Amino acid sequence: MEKQAITATELLILANKMLREHEDYMSGIEASSVEQQNGILIFKGEFFFDEQGLPSPKTMMVFNLFKYLAQTLSGQYRLID
């Protein structure tokens, strides 16, 4: 299947819409950037560490949601400049 070319801005709009519609979504979780490495889309955003700089319960949720985006969208899209 041919991957559809998409800009980072367009992809972030789509990804954040998907996040808000996901059953595990929590307020404040947002993908703020995306890059492509070896055909895989890598989404980045705030990871919500605690006061000691350690992962909080929300951190694992963010990681899992960004992984969901990568798995879902990497097979459909490729980034263009």
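Structure above, values below:
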read-out	value
Residue-span extension gain [ALA8 to LYS44] - 0.36 nm each, minus C-alpha spacing	11.8 nm
Where Cα atoms sit under 18 Å apart: lysine pairs in the chain separated by 8 or more or lying on different chains	5
Nitroxide proxy distance, nm - points 7 Å out along Cα→Cβ at GLU30 and GLU51	2.6
Kirkwood hydrodynamic radius over Cα pairs of the chain, then Stokes diffusion coefficient at 10 °C and 1.306 mPa s, in µm²/s	121
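Here, each number is a calculation from the coordinates, and none is a lab measurement. Bear in mind that the values here come from a model prediction, so they are computed numbers and not experimental data. All Cβ positions, glycine included, derive from the backbone under ideal geometry; neighbour counts span all protein chains shown.
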